[in-house]
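Asks: My questions will all concern the structure given below.
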Amino acid sequence: MQHTIYDANGKRKYLTNSERTAFLKAAEHFDLKTLTLCWLISATGCRISEALSLTSASIDVHAKLVIIECLKKRKRGIFRAVPVPSELINLLIDAHNLRPHLAPGAEALHLWTFSRVTAYRRIRKVMEAAGLSGSHAMPKGLRHCFGVTAIQSQVPLNLVQRWLGHADMRTTAIYASASGPEERSIARRMWRVNAMTFPELSRAR
């Protein structure tokens, strides 16, 4: 199957950074469980099913990591560690009352107990609240946004592959096809150099 970050109509399937910011701002007006789910998927690029499998044991408080089981792998028990901001770690602990469950030997607690369908619907409602619609306004759009942002931030491709849990580097490489700030900056030089060659457009009256 050919992987791409554009749909059959050529529309992008990833959120831009400004759209992701709007999405997370909108999430602040929802309940805490929805807010943490939105932040977690945005910050790690994980799949919904992977997020729902997380427990208190998945949170490495000291290393500031979220340990995610790669559920797309053929074998279970394959994990990846994704670094996240301290603010997200603290939010997860407070919102999910994790402190008693982080003690050595404590029973692990699932962070979210609702179904994948419910999680999908909650994320879609936040998208709508943020005024987002289209192919990119989906939970998968957050995962694609993570990949595109990582590549444009010059994170090494093999590291992005590991964080996203891709089995094939070619899948990760699709994110390099998104037009980023550097590419637009290069194009802007061309516009300046050739500015006098563009015909002047009359203003619409």
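The values are calculated or read from the model by the stated rules, or taken from the named source; none is laboratory data. Fair warning: this is a prediction, and the values are worked out from it, not measured in the lab. So basically every Cβ, Gly included, is an ideal-geometry build from the backbone, and we count neighbours across all protein chains shown.
Asks: Checking residue 127 against (1) loosely packed, with under 13 Cβ neighbours inside 10 Å; (2) under 24 Å from residue 10 (Cβ atoms); (3) not polar (S, T, N, Q), only one condition comes out false. Which one?
Replies: (1)
Asks: List, please: which pairs have Cβ atoms under 9 Å, are six or more places apart or on different chains, and start with a residue in the range 1-12 that is in a loop (DSSP other than H, G, I, E, B) and end with one that is among the charged types (D, E, K, R) and at pLDDT 85 or above?
Replies: Here the result reads 3/168; 3/170; 4/13; 5/12; 5/13; 7/13, each pair linking the range 1-12 to a residue that is among the charged types (D, E, K, R) and at pLDDT 85 or above.
Asks: Another question about this same structure. Has the range 27-36 got at least one residue that is of a type in the set (Phe, Trp, Tyr) and within 15 Å of residue 143 (Cα to Cα)? Walk me through how you get there before you give the answer.
Replies: The first filter runs over the range 27-36 and keeps only residues of a type in the set (Phe, Trp, Tyr), leaving 30.
Subsequent filtering for residues that are within 15 Å of residue 143 (Cα to Cα) retains none.
No, there is no match, as no residue in the range 27-36 is of a type in the set (Phe, Trp, Tyr) and within 15 Å of residue 143 (Cα to Cα).
Asks: So which residues in the range 106-130 are under 19 Å from residue 140 (Cα atoms), not in a loop (DSSP other than H, G, I, E, B) and not hydroxyl-bearing (Ser, Thr, Tyr)? Step through it out loud before you land on a result.
Replies: At the first step, the residues of the range 106-130 found to be under 19 Å from residue 140 (Cα atoms) are 112, 114-130.
From what is left, the residues that are not in a loop (DSSP other than H, G, I, E, B) are 116-129.
Hits for the range 106-130 are 116, 117, 119, 121, 122, 123, 124, 125, 126, 127, 128, 129.
Asks: Among the residues of the range 59-71, is any surrounded by fewer than 22 Cβ atoms within 10 Å (Cβ to Cβ), in contact (Cβ under 8 Å) with a residue 60 or more places away in the chain and either among the β-branched types (Val, Ile, Thr) or out of contact with any Cys (no Cβ under 8 Å at 6 or more places or on another chain) (or both)?
Replies: Yes, the range 59-71 contains a residue that is surrounded by fewer than 22 Cβ atoms within 10 Å (Cβ to Cβ), in contact (Cβ under 8 Å) with a residue 60 or more places away in the chain and either among the β-branched types (Val, Ile, Thr) or out of contact with any Cys (no Cβ under 8 Å at 6 or more places or on another chain) (or both).
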